[in-house]
Amino acid sequence: MGNRLSIKSVFSIAGAEYIKWITNPRIIIVGVLFLVMRTLAVEPLLERAEKMGERLSILEPFAAIGNSGMLVLLMPCVFLILVSDYPVITGNTLFVVLRTGKQNWFFGQLLFMLYAVFSFIGSVFLASVVMSRGSAALSWSEVVRMYEARFPNEIGNYASRLLPSNLYNQIPLVKAVTQTAVLLAAYLFLLVLVLYFFKLLHLRGAGIFAVFVIIGMGMASVSVSSPVKWVLPMANTIIWLHYTEIMSEPVYPVKYSFFYFVAAIIILLAANYIALRKIQFINIQETE
């Protein structure tokens with residue numbers, strides 16, 4: 001079995017897995033997610049825009065989606081449903097590994113997952129832009145900044161919590177969207193690496209349980225605003241949690257969240273690589 005790294009083999013494996021992934025009928029669940037996004041995040045903002053006679057920025061619905069506790073809970077769950085079967089380890093995997101080498105197979109799987117993560121985030125972003133019916137302005141709209149001043153009786157309602165003042169008073173829209181997209185992608189990739197680690201140990205069920213425990217604990221810690229939330233990935237993904245409504249100094253600097261994900265992903269990559277070295281493909285006879 002060859003162990004030399006081959007970029008061509010890595011991209012070939014990743015491409016083959018990606019084609020199987022996007023042609024899997026299970027991908028239709030993304031359409032259901034879009035409907036939920038529209039109901040929970042886009043329509044409340046559009047109703048405010050119509051009431052004010054103003055337009056949203058095309059970027060604002062994505063900022064709302066990526067900073068909604070409910071959707072930051074739901075999106076990883078949908079994504080994990082889509083990728084829970086990967087890497088597919090069957091008797092046929094042995095022949096692929098014999099031909100390409102264990103290392104190339106592993107890096108091909110990781111590259112495929114990066115394809116999947118960015119495709120998923122990209123599709124959410126594009127769907128939010130299409131649904132926004134907004135202008136191409138790259139700054140916070142009057143709808144977001146001035147609605148509560150015009151309608152003070154609606155302060156603190158559900159739509160206000162989609163884009164709280166912690167967000168639009170503290171950082172520009174483009175920066176908020178960029179940071180949201182990057183941190184959400186890092187969150188999904190971290191969960192995938194946890195899933196992969198257990199899959200390489202032939203403990204798929206334990207892996208699925210572990211990632212949903214991570215998601216559930218993250219949601220619980222955010223809901224009760226426990227300081228423990230910063231130990232878990234969900235809080236590190238939601239930008240507005242890093243700020244107060246008025247003070248410019250962050251409660252928890254966003255750069256710390258970037259460091260958190262970089263460190264966690266490096267540790268999980270190392271754990272996955274160690275697990276890979278121990279796996280014996282020759283003993284695999286059937287799909288898990």
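The table below lists the values:
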| read-out | value |
| --- | --- |
| Residue match in region 134-153 (condition: in contact (Cβ under 8 Å) with a residue 24 or more places away in the chain, under 18 Å from the mean Cα position of the chain (by Cα) and under 21 Å from F34 (Cα atoms)) | no |
| Every pair of residues 6+ apart whose Cβ atoms lie under 7 Å, when the first sits in region 93-107 and is under 9 Å from S6 (Cβ atoms) while the second is modelled with pLDDT of 80 or more and β-branched (V, I, T) | T100/I13; N104/V10; N104/I13 |
| Any hit, region 156-164, residues being within 15 Å of I238 (Cβ to Cβ) and in a helix (DSSP H, G or I) | yes |
| Qualifying residue in region 179-188 (condition: β-branched (V, I, T) and within 14 Å of F118 (Cα to Cα)) | yes |
| Residue within region 135-142 that is out of contact with any helix residue (DSSP H, G or I) (no Cβ under 8 Å at 6 or more places or on another chain) and under 29 Å from I22 (Cα atoms) present | no |
| Selection status of I65, closer than 30 Å to I171 by Cβ and modelled with pLDDT of 90 or more | yes |
| Within region 1-59, tally of residues that are of a type outside the set (S, T, Y), under 20 Å from the mean Cα position of the chain (by Cα) and part of a helix (DSSP H, G or I) | 20 |
| Tally, over region 181-208, of residues that are of a type outside the set (A, V, I, L, M, F, W, C), part of a helix (DSSP H, G or I), surrounded by fewer than 20 Cβ atoms within 10 Å (Cβ to Cβ) and in contact (Cβ under 8 Å) with a residue 40 or more places away in the chain | 1 |
| Residue match in region 229-242 (condition: part of a loop (DSSP other than H, G, I, E, B) and surrounded by fewer than 17 Cβ atoms within 10 Å (Cβ to Cβ)) | no |
| Top-ranked residue in region 165-180 [being within 27 Å of I215 (Cβ to Cβ) and not in a helix (DSSP H, G or I); ranked as nearest to the chain's Cα centre (by Cα)] | I171 |
| Unique match (being among the polar types (S, T, N, Q) and closer than 28 Å to N157 by Cβ) among S119, S84, S57 | S57 |
| Meets criteria (out of contact with any helix residue (DSSP H, G or I) (no Cβ under 8 Å at 6 or more places or on another chain) and at pLDDT below 90) for K102 | no |
| Failed condition for K51, given (1) surrounded by fewer than 17 Cβ atoms within 10 Å (Cβ to Cβ); (2) within 30 Å of R204 (Cα to Cα) | (2) |
| Residue within region 199-213 that is closer than 27 Å to P253 by Cα, out of contact with any His (no Cβ under 9 Å at 6 or more places or on another chain) and not aromatic (F, W, Y) present | yes |
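For every residue, the table says whether it meets (1) among the charged types (D, E, K, R); (2) more than 15 Å from S160 (Cα to Cα).
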| residue | (1), (2) |
| --- | --- |
| I7 | no, yes |
| I13 | no, yes |
| T23 | no, yes |
| I29 | no, yes |
| R38 | yes, yes |
| A41 | no, no |
| L46 | no, no |
| I58 | no, yes |
| L71 | no, yes |
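The values are calculated or read from the model by the stated rules, or taken from the named source; none is laboratory data. For clarity, every value in this text was computed on a predicted model and none was experimentally measured. FYI the Cβ positions are ideal-geometry reconstructions off the backbone, even for glycines, and counts take in every protein chain you see.
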